[in-house]
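K.L.:
Before I ask anything, let me first share the structure, which is written out below as structure tokens.
Only the coordinates and a few stated rules stand behind these numbers; no lab work does. Please read these numbers as outputs of a predicted model, since none were measured by experiment. Here the Cβ positions follow ideal geometry from the backbone for every residue, glycine too, while neighbour counts run over all protein chains shown.
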Amino acid sequence: MMKNENLVHYIYGIADNALILGQRLSELCGHGPSLETDIALTNMALDLLGQTRSYYQYAAALLGDGKTEDDIAYLRIERQYKNVLLVEQPNKHFGYVIARQFFYDVFHLLLLQELQNSKDETLSAIAKKGIKEVSYHQRFSSDWIKRLGDGTEESRKKVQEAIDDLWKFTDELFHMTEDDKLVFEAQIGVDVTALKQTYYQRVKEILDEATLSIPEIKWFQKGGKQGIHSEHMGYLLADLQYMQRAYPNMKW
Amino acid sequence: MSEKEIKNLEEIFEQRIARDEKIEPKDWMPEKYRKTHIRQISQHAHSEIVGMLPEGNWITRAPSLRRKVALLAKVQDEAGHGLYLYSACETLGISRDELYEQLHTGKAKYSSIFNYPTITWADIGAIGWLVDGAAIINQVPLCSTSYGPYARAMIRVCKEESFHQRQGYEIMIKLANGSPEQKEMAQDALNRWWWPSLMMLGPTDAESVHTEQSMKWKLKRKTNDELRQQFIDQTVPQADLIGLTVPDPELKWNEERGHYDFGEIDWDEFWQVVKGHGPCNKERLSARVNAWEEGEWVRDAAMAYAKKQEDKKLKKAI
């Protein structure tokens, strides 16, 4: 039987992805390759952080112990963040930013399209609103995958390098934690394993069109959903949490 | 064109401005008018873009989700302002790439205030309150300037700036009413940003080289000293209201003038920063140059891809 706690963890699983990816994108604000891309990446960061807030506010209400969205966002320890490894990967260059975004967006849209049918009205409403935003994200990142893949020799090399490096993080998107399983059984959560085939099909279509190749990798990385993150995560959290840790219990 | 004909055109042009008519990109204009506008509009656009950096410095560390989202949106607005201003400038016959080139080589200036570091969260409040506050005072008169594209861009910019200013002041209110550490942080930020904000309104009238011509073309409606006085008169009561002290021992209300008297501005510091020797001049410029250089392969890819698509379409059509 699903308990409140399982649902809260399930929400963290989705929301932490949005928070961490939003945080990564917001590092780029003011440093994009052109004003137009700068504005677009910031837009996506804003969408993701907006979604994060809706999820955390709901989780805080479910917890009912006086915790706020900010307590959830800022005051957990690293092991308690449930985001996938993919979204915490650093902004090595624009090719990585786009490849990471693309891999996440395709998944994210499929997830929200299912989540909108959730029996939980709040999650369904958040998903419905998110679908509009994430459809745009997917279009943006797919278009850039094509531009970079079928652009110049250099851009093809760079984006292919990013695809090759990040591919190993895609499988984790389709893992189900114990919480995920219970919440799915309660007809609230999504069975992500069922999205896998469509996901790789869509990814392949875009990569083909971009004249990029799919890495021949058999070994994948996982751990984020259990709170076992990469070494990048600690630094990201140090930035994110700095103010709340240095000045505890204050209002901003 | 003969000298007499040019003189005639110039007269008609000046009369149009005197009648408050807008000058549009395709209209005839004196070369000096074009050049002055390119200089001022691009300087303004560059200030928006460089201005993203000191505030961007705190996005990843903003203390709450609400503040993070608001700051991101604010910095994004500045990118948007940069975009309209570059577009307005391009109507005068110069490309965005050329304008960037001028920024990156140090030929073009941007507002010196952005060469100061943002070292605490309160600096984000202080920038919104003081820097955007001073910017609005500078910019509101530009909504009715003579060059149409600039005036129209400024109407939009000013709306957003006044929102930013309120947002910055609201950060300061929260800090000033917060814990002793928060209040100290707010006071410290005011101490550091006050004088540079006064300098933002430009050199004193006696030192200002462009004022007379700019007044005629409605690029300026009030002198730097008048604007500075307006800023001080407006801001001091706002500081009083939240219990912060403006760091000027000579600041005093002058009943007779109906204005605040204030202390001497350190113009040596102003010129030091303008000439490139402020605390962050090098960092700001190199951040812009890096973003541009590291983005070159991305822009090239987009161009190459667009061309390939175009070629494909042409082939199909044939």
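K.L.:
Quick check: convex hull of the Cα atoms in the range A:102-178, volume per residue, rounded to a whole Å³?
P.N.:
Expressed per residue, the convex hull around the Cα atoms of the range A:102-178 is 78 Å³.
K.L.:
What does the net charge come to around A:GLU154 if you take all other residues with beta carbon closer than 10 Å to its beta carbon, with K and R at +1 and D and E at -1?
P.N.:
0
K.L.:
Could you give me the ³J(HN,Hα) list for the range B:6-21, computed from phi with Karplus coefficients 6.51, -1.76, 1.60 and θ = phi - 60°, whole Hz, x at Gly and Pro?
P.N.:
4, 4, 4, 4, 4, 5, 4, 4, 5, 5, 4, 5, 4, 7, 6, 7
K.L.:
Picking from B:ASN290, B:ASN57, B:ASN191, which is most flexible by a Gaussian network model of chain B using Cα springs under 10 Å?
P.N.:
B:ASN290
K.L.:
Let me ask something additional. Mind checking the mean number of beta-carbon atoms from other chains within 10 Å of the Cβ atoms in B:45-57?
P.N.:
The mean count of partner-chain Cβ atoms within 10 Å per residue comes to 2.
K.L.:
Continuing with this model, one more query. Which value, in debye to the nearest 20, gives the size of the charge dipole of the range B:1-140 about its Cα centre, when Lys and Arg are +1 and Asp and Glu are -1 at the Cβ?
P.N.:
Details: 18 positive and 20 negative charges, 97 e Å.
Using only the charged Cβ atoms, the result is roughly 460 debye.
K.L.:
Using a 10 Å cut-off on Cβ atoms, rank the peptides A:39-49, B:17-27 from the highest mean neighbour count down.
P.N.:
The packing order, highest mean first, is A:39-49, B:17-27.
K.L.:
Ranked from highest to lowest mean number of other Cβ atoms within 10 Å per residue, what is the order of the peptides B:106-113, B:122-129, B:262-269?
P.N.:
Highest-to-lowest ranking by the protection proxy: B:122-129, B:106-113, B:262-269.
K.L.:
How big is the convex hull of the Cα atoms of the range B:187-314, per residue, in Å³?
P.N.:
217 Å³
K.L.:
To the nearest 0.05, what FRET efficiency results for A:LEU75 and A:ALA125 with a Förster distance of 22 Å applied to their C-beta separation?
P.N.:
Calculated value: 0.25.
K.L.:
Let me check against my output: what whole-number percent is the relative contact order of the range A:1-114, with C-alpha pairs under 8 Å and at least 6 apart?
P.N.:
Value for the range A:1-114: 32 percent.
K.L.:
Related question: How large, in Å, is chain A by the Kirkwood hydrodynamic radius built from its alpha-carbon pairs?
P.N.:
18.5 Å
K.L.:
Still on this model: By the scheme Lys and Arg +1, Asp and Glu -1, what is the net charge of all other residues having a beta-carbon under 10 Å from that of B:ILE127?
P.N.:
Computed value for this residue: -2.
K.L.:
If amide hydrogens are placed 1.01 Å from N in the peptide plane, which non-local residues have theirs closer than 5 Å to the one on B:HIS259?
P.N.:
B:ASN254
K.L.:
Label B:GLN213 and B:LEU251 with points 7 Å out from Cα along Cα→Cβ: what is the distance between them in nm?
P.N.:
3.6 nm
K.L.:
Sequence-distant or interchain residues sharing an amide H contact under 5 Å with B:TYR147, placed H: which?
P.N.:
Hits under the 5 Å cutoff: B:ILE23.
K.L.:
May I ask which of A:LYS222/B:LYS308; A:LYS82/A:LYS129; B:LYS26/B:LYS218; A:LYS158/B:LYS109; B:LYS4/B:LYS218; A:LYS129/B:LYS183 have a Cα-Cα span longer than 31 Å here?
P.N.:
A:LYS222/B:LYS308; A:LYS158/B:LYS109; A:LYS129/B:LYS183
K.L.:
While we're here: Bin by bin, in steps of 20 Å, what percent of the Cα pairs in chain B do you find, going until the bin that has the longest distance?
P.N.:
Spelled out bin by bin, chain B gives 29, 54, 16, 2, 0 percent.
K.L.:
By the gyration tensor of its Cα atoms, with a ≥ b ≥ c the square roots of the eigenvalues, what is the shape of the protein assembly as shown: rounded for a/c under 1.5, prolate for a/b over b/c, or oblate?
P.N.:
Because a/c hits 1.5 or more and a/b fails to exceed b/c, the protein assembly as shown counts as oblate.
K.L.:
Rounded to the nearest 0.05, what FRET efficiency is calculated for B:ILE119 and A:LYS132 with R0 set to 45 Å and r the Cβ-Cβ distance?
P.N.:
Efficiency for this residue pair is about 0.70.
K.L.:
In peptide B:72-84, how many Cβ atoms from other protein chains are near each Cβ within 10 Å, on average?
P.N.:
That works out to 4 on average.
K.L.:
Cβ under 15 Å from A:LYS132's Cβ, A:LYS132 left aside: what net charge do those residues give with Lys, Arg +1 and Asp, Glu -1?
P.N.:
Values: positive: A:LYS128, A:LYS129, A:ARG139; negative: A:ASP47, A:ASP105, A:GLU133.
Local charge sum for A:LYS132: 0.
K.L.:
Between B:HIS277 and B:ASP27, what FRET efficiency follows from the Cβ-Cβ distance if R0 is 41 Å, with the result rounded to 0.05?
P.N.:
0.50
K.L.:
What is the spin-label model distance, in nm, from A:ASN117 to B:ASP240 if the labels are put 7 Å beyond Cα along the C-beta direction?
P.N.:
Those two pseudo-labels are separated by 6.5 nm.
K.L.:
Modelling each spin label as a point 7 Å along the Cα-to-Cβ direction, I'd like the B:GLU294/A:GLU231 distance in nm, to one decimal.
P.N.:
Label at B:GLU294, label at A:GLU231, 2.0 nm between them.
K.L.:
If you count, for every residue in A:21-32, the Cβ atoms of partner chains within 10 Å of its Cβ, what is the mean?
P.N.:
Taking all residues of A:21-32 together, the mean is 6.
K.L.:
To continue, here is another question. By the gyration tensor of its Cα atoms, with a ≥ b ≥ c the square roots of the eigenvalues, what is the shape of the range B:98-139: rounded for a/c under 1.5, prolate for a/b over b/c, or oblate?
P.N.:
Oblate, since a/c reaches 1.5 and b/c is not below a/b.
K.L.:
Can you find, among A:GLY13, A:PRO33, A:MET1, the residue sitting farthest towards the positive end of the charge dipole of the range A:1-131, where Lys and Arg contribute +1 and Asp and Glu -1 at Cβ?
P.N.:
Working it through, the farthest residue towards the positive pole turns out to be A:MET1.
K.L.:
Roughly speaking, what is the stretch gain from A:GLN197 to A:ASP143, that is 0.36 nm per residue apart minus the C-alpha to C-alpha distance, in nm to one decimal?
P.N.:
Taking 0.36 nm per residue and subtracting the Cα distance, the gain is 17.3 nm.
K.L.:
Show me A:6-17, B:35-46, B:221-232 ranked by packing, highest mean number of other Cβ atoms within 10 Å first.
P.N.:
Highest mean packing first, the order is A:6-17, B:35-46, B:221-232.
K.L.:
Here's a follow-up. Which of the three applies to the range B:156-200, rounded, prolate or oblate, going by the alpha-carbon gyration tensor with a ≥ b ≥ c and a/c under 1.5 meaning rounded?
P.N.:
Because a/c hits 1.5 or more and a/b fails to exceed b/c, the range B:156-200 counts as oblate.
K.L.:
Tell me what the protein assembly as shown gives for mean residue ellipticity at 222 nm when only DSSP H runs of n ≥ 4 count, each as -39,500 (n - 2.57), the sum divided by the residue total, rounded to 500 deg cm²/dmol.
P.N.:
That calculation yields -21500 deg cm²/dmol at 222 nm.
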